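**Q** Here's a structure for you.
Computed from the coordinates by the stated procedures, all read-outs in this text should not be read as laboratory data. It should be emphasised that the depicted structure is a prediction, and the values quoted were computed from it without experimental measurement. Cβ coordinates were reconstructed from backbone atoms using ideal geometry, including for glycine residues, and neighbour counts include every protein chain displayed.
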Amino acid sequence: MTLREILEIIEGKTITENINLDQEVKMGCGSDLMSDVLAFTHQGTVLMSGLTNPQVVRTAEIAGIQAIIFVRGKYPPQKTIDIAEEKSIPLLASKYTMFETCGRIYASGLPSCGVFDLTSHQWDAKFTGDE
Amino acid sequence: MSIFWELPKRLSMKTEKEELSPKITKLKELTYEIKIGQAMTKDVVSVSPDITMCELREVLQANRISGTPVVENGQMIGIISVEDLINAMGVCSPISTTNNREVTSASQEKMTMASVRESMTMTSVRENMTTTPETLFADEPLARAVSKFNKFHFGRFPVVNRQEELVGIITQDNIVSAMLKHLETSYYQEESLIYPTDRILTDRILEDLIADEVNLILRYHVNALDFDHAGEASSKLKKTLIRLGIPPQIVRRAAIASYEAEMNLVLWGEGGELHVKVQPDQIKLETFDTGPGIEDIEKAMQPGYSTAPEWVQAMGFGAGMGLPNIQTCTDEMELESTPGEGTHLKTTLYLEANASGFLGEGATRGRETNPQAFGHA
């Protein structure tokens with residue numbers, strides 16, 4: 001799914017300059033926990049987040065996040081925008097809540113990042129009794 | 001343990017240690033990159049519902065396949081397999097209804113086979129097929145197929161477009177072949193695509209260095225509670241590792257581990273040092289701090305365990321995932337801490353094991369040429 005399509009689906013706006021809207025993102029992740037972003041995403045993920053501090057962009061760079069969408073109409077501080085411009089990570093904005101932003105994009109066919117081993121190990125240990 | 005990722009595991013040669021530690025592998029990423037439509041067999045043999053089971057047997061045998069979709073007026077209405085054929089024979093066979101098996105002589109057997117064959121001409125595919133079969137969409141990622149093969153233990157899934165028209169068929173062998181093909185063509189391209197302008201001339205510096213022992217040491221200083229620059233050391237490290245020609249997947253793991261460790265130095269360690277030793281076969285990543293130390297290391301290693309105050313959580317950290325994340329991303333991890341004195345984290349990522357993990361000998365073993373072949377249902 002391209003960023004252009006995503007912008008249409010969430011009726012969103014761009015924050016950083018000169019974004020190539022035809023770039024493809026392969027999957028999506030919604031999280032305000034940066035460690036979860038590091039653990040549960042793949043290269044080429046678009047991140048939905050309500051957190052707007054510079055750490056979001058740094059986390060995105062490390063994890064290979066392709067673009068960030070700030071939800072609930074949040075606008076990031078200038079420092080965040082500066083780092084994003086420097087790292088060429090597109091920032092987008094959505095007026096919808098985290099749930100609706102993710103829901104709209106997922107329902108339009110962008111898959112999630114899937115179930116990770118780390119999750120299934122814990123899941124099995126807690127709920128099915130297997131290791 | 002989930003069987004969702006059993007397929008990639010089977011593909012790679014792994015040591016016992018690696019088997020135990022969950023990995024973010026290239027193969028997992030690939031299952032999202034490749035679409036089912038790219039992996040499926042496009043020339044599907046299909047049959048009409050009105051042919052007899054006897055004719056079906058000939059179709060399956062002639063094409064060396066173990067199952068096939070049933071199509072009527074362009075729409076797929078069911079699927080039929082060798083198993084259905086065997087079940088139909090069981091129902092029709094007189095042997096299955098008699099208790100007196102001892103008397104089966106050669107001539108009787110001949111007669112029985114003849115009568116089975118005859119009865120197979122009386123029953124149609126429509127009566128024996130599975131209706132409303134599970135299907136996959138051609139535009140879905142391969143990961144959907146992997147999970148569906150794990151959920152339903154079928155040998156194949158018909159692939160349809162969004163208009164529900166049959167466009168192909170996919171088996172587990174198709175998945176393996178498609179992933180291997182993709183790996184071969186994209187592995188070397190990918191490195192240069194990610195940071196095309198950021199490369200220096202030599203492709204792999206480490207391999208070009210001639211010495212009895214190569215040891216490249218990178219040191220970064222991390223300041224306490226400096227949130228404007230927190231993460232910068234890891235960002236620099238990531239760029240440097242890419243320039244050194246380290247495979248991108250390993251760079252990503254090293255960068256995540258170092259970023260989590262760096263955040264620990266910033267938040268808890270009262271600042272510290274990040275030392276990275278790059279060798280041709282491994283990367284050693286260590287942090288040193290003279291902070292308060294960790295009271296209970298075992299507890300700190302549990303996913304979700306956190307002592308973080310609210311202001312740390314407001315920054316998106318302190319969810320108790322830092323140390324488990326580091327463990328997931330590295331091959332070896334050692335944590336030494338003395339309360340009141342400081343913490344020393346030692347981790348190692350192996351370069352060789354991972355390279356052979358998905359491109360080595362083990363990856364190509366067990367490859368099948370005929371995806372719909374008998375015996376691979």
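**Q** Run the quick spin-label model on B:E273 and B:A224: label points 7 Å from Cα toward the beta carbon, then report their separation in nm to one decimal.
**A** Placing both labels 7 Å along Cα→Cβ, they lie 1.7 nm apart.
**Q** Here is a further query. Taking R0 as 30 Å, what FRET efficiency do you get between A:K95 and B:N150 from their Cβ-Cβ distance, rounded to the nearest 0.05?
**A** Efficiency for this residue pair is about 0.15.
**Q** Ignore the peptide's own chain and count Cβ atoms of other chains within 10 Å of each Cβ in B:316-323; give me the average, rounded.
**A** Counting other chains' Cβ atoms within 10 Å and averaging over B:316-323 gives 6.
**Q** List, in the order given, every pair from B:K151/B:K181; B:K277/B:K299; B:K299/B:K346; A:K74/B:K238; A:K26/B:K28 whose Cα-Cα distance in the structure shown is over 22 Å.
**A** B:K151/B:K181; B:K277/B:K299; A:K74/B:K238
**Q** While we're on this one: Rounded if a/c is under 1.5, else prolate if a/b is larger than b/c, else oblate: which is the range A:14-75, with a ≥ b ≥ c the root eigenvalues of its Cα gyration tensor?
**A** Since a/c reaches 1.5 but b/c is at least a/b, the shape of the range A:14-75 is classed as oblate.
**Q** 7 Å from Cα along Cα→Cβ at both B:S48 and A:D124: what's the point-to-point distance in nm?
**A** Distance between label points: 4.9 nm.
**Q** With +1 on each Lys and Arg Cβ and -1 on each Asp and Glu Cβ, how big is the dipole of the range A:3-128 about its Cα centre, in debye rounded to the nearest 20?
**A** Dipole about the Cα centre, nearest 20: 280 debye.
**Q** Another question about this same structure. Got a sec? How would B:W311, A:W123, B:W268 order by Cβ neighbour count within 10 Å, fewest to most?
**A** Fewest-to-most Cβ neighbours within 10 Å comes out as B:W311, A:W123, B:W268.
**Q** Across peptide A:42-49, how many C-beta atoms of other chains are within 10 Å of each residue C-beta, on average?
**A** 3
**Q** Another question, then. In chain A, what percentage of the DSSP-assigned beta bridges are antiparallel, given to the nearest 5? Could you put the intermediate results ahead of the total?
**A** Values: 3 of 16 bridges.
Taking every DSSP beta bridge with both residues in chain A, the antiparallel ones total about 20 percent.
**Q** Moving on to the next point. Cα gyration tensor of chain A, axes a ≥ b ≥ c as square roots of the eigenvalues: rounded (a/c below 1.5), prolate (a/b > b/c) or oblate?
**A** Prolate, since a/c reaches 1.5 and a/b exceeds b/c.
**Q** Mind giving me the FRET efficiency for B:E286 and B:T130? R0 is 51 Å, r the Cβ-Cβ distance, nearest 0.05 is fine. Numbers along the way, then the final one.
**A** Numbers: r = 58 Å, r/R0 = 1.13.
For B:E286 and B:T130, the calculated efficiency is 0.30.
**Q** First measure r as the distance between the Cβ atoms of B:N73 and A:T2, then evaluate 1/(1 + (r/R0)^6) with R0 = 35 Å and state the FRET efficiency to the nearest 0.05.
**A** 0.45
**Q** A further question on this structure: Can you put B:D212, A:D32 in order, fewest other beta carbons within 10 Å first?
**A** The fewest-first ordering by Cβ neighbours comes to B:D212, A:D32.
**Q** Calculate, in nm to one decimal, what B:T121 and B:N87 gain on full extension: separation in residues at 0.36 nm each, minus their alpha carbon distance. Present the calculation step by step, with values, prior to reporting the outcome.
**A** Details: separation 34, 0.36 × 34 = 12.24 nm, distance 1.47 nm.
Difference between extended and current length: 10.8 nm.
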